[in-house]
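Asker: One structure follows; several queries about it will come next.
Only the coordinates and a few stated rules stand behind these numbers; no lab work does. Please read these numbers as outputs of a predicted model, since none were measured by experiment. For neighbour counting, all protein chains shown are included, and Cβ atoms are generated from backbone atoms with ideal geometry for every residue, glycine included.
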Ligand code: TXA
Ligand code: MG
């Protein structure tokens, strides 16, 4: 398959309307989209990414009216979050409408819904004239793509089109909140922080996997965000640096590394980390030392991704 590169949201949307799959920028990471109601197109997303079939997709909307096509009910908590935040790097899990094919939700009776804030994403979605399901546009298990070049690296020849936008503003995937339980549960942390959510619904809490309970967000159990290099989390510099190693964090390291990225804030760290992982793989780095950060605001999401990357 030939992958077309374009800067035109209209041209990219045309591929969706004809049953194709298209990578597009959002404010979090690039997504790989298909018409939510086209089962064949949705199935081809799983194939192109080599994504496990039990990992549900997020549906992206251009406006509030489209949410009604996807969700059977907008729960009161979800309504509050929509009014407070949408469009935003925030995904709300709602009871699924009958019409949404089960292939999109990995057989769940719920669906994740998000309205991106990125202007090019909005223009693209408007022109698709239907909700678009999209996981991150990387090969399954690799770091999420924060620029179109990373999408190209993973998926050239496997998808119809890449809509070329800027590097993404945030760099980590959206916050996912289950709004179908008694209280809102944060299934995945992101740029809309727990503190932000609690200002709107104070009962909101982080979801903790209980033993013997089916995982609420199947994506959380899969291998994630991993460069080929080994990822090691550090909180000080009292260790011996091994061969071909890299460092990313907020402090200036005293030792010598082959690649170094010093970030001015947790937000910049979040913005840079996935691209840095890919850069390290290109440079054949063997070990990436990642400095830990305070688990507050975006720092909580950042630490979540760093831990997952270090577990592989
Ligand atoms: O920022 C983002 O969310 C990006 C951009 C493209 O929007 N998308 C993204 O998609 O990160 P993906 O597929 O890589 O991650 C989706 C996450 C997974 O952890 C999945 O398990 C969870 O959302 N999820 C999706 N639908 C769900 C549902 N119905 N119930 C529970 N979790 C769900
Ligand atoms: Mg992903």
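Asker: Considering the Cα positions of the stretch 141-201, please state its Rg to one decimal place and its Dmax as a whole number of Å.
Answerer: 15.8, 45
Asker: When the distances between all Cα atoms of the stretch 116-162 are binned every 10 Å from zero, what whole-number percent does each bin get?
Answerer: 23, 50, 27, 0
Asker: Ranked by Cβ crowding within 10 angstrom, fewest neighbours first, how are 302, 108 ordered?
Answerer: Numbers: 302 25, 108 17.
Neighbour counts put them in this order, fewest first: 108, 302.
Asker: Give, in whole angstrom and from largest to smallest, the semi-axes √(5λ) of the equivalent ellipsoid of the stretch 67-165, with λ running over the eigenvalues of the Cα gyration tensor.
Answerer: On the way: eigenvalues 134, 55, 33 Å².
Calculated on Cα positions only, the semi-axes equal 26, 17, 13 Å.
Asker: Another one. At 20 °C and 1.002 mPa s, grab the translational diffusion coefficient of the stretch 4-138 from Stokes-Einstein with a Kirkwood Rh over Cα pairs, rounded to a whole number in µm² per second.
Answerer: On the way: Rh = 14.6 Å.
Translational D for this selection: 147 µm²/s.
Asker: Further question: Using only the alpha carbons of the stretch 257-308, what is the convex hull's orientation-averaged projected area in square nanometres? Mind showing how you got there, number by number?
Answerer: Working: hull surface 14.0 nm².
Orientation-averaged projected area of the Cα hull: 3.5 nm².
Asker: Can you put 195, 153, 27 in order, fewest other beta carbons within 10 Å first? Walk me through the numbers on the way to the answer.
Answerer: On the way: 195 11, 153 16, 27 19.
By the 10 Å Cβ count, ascending, the order reads 195, 153, 27.
Asker: Continuing with the same structure: Can you put 154, 243 in order, fewest other beta carbons within 10 Å first?
Answerer: Values: 154 23, 243 8.
The order, fewest Cβ neighbours first, is 243, 154.
Asker: Which residues among the stretch 160-194 fall inside the zone where the amide N is under 19 Å from a point 7 Å beyond the Cα of residue 294, along Cα→Cβ?
Answerer: Backbone N within reach: 190-194.
Asker: Relative contact order for the chain using alpha-carbon pairs under 8 Å, separation at least 6, rounded to a whole percent?
Answerer: On the way: 720 pairs, mean separation 64.0, N = 312.
Once normalised by length, the contact order is 21 percent.
Asker: Note the full-extension length gain between residue 236 and residue 156 as 0.36 nm times their separation in residues minus their Cα-Cα distance, in nm to one decimal.
Answerer: Numbers: separation 80, 0.36 × 80 = 28.80 nm, distance 3.97 nm.
Computed gain between residue 236 and residue 156 is 24.8 nm.
Asker: Right, something else. Per residue, what volume in Å³ does the convex hull of the Cα atoms of the chain enclose?
Answerer: Details: hull volume 39.2 nm³, N = 312.
In the chain, the Cα convex hull volume per residue is 126 Å³.
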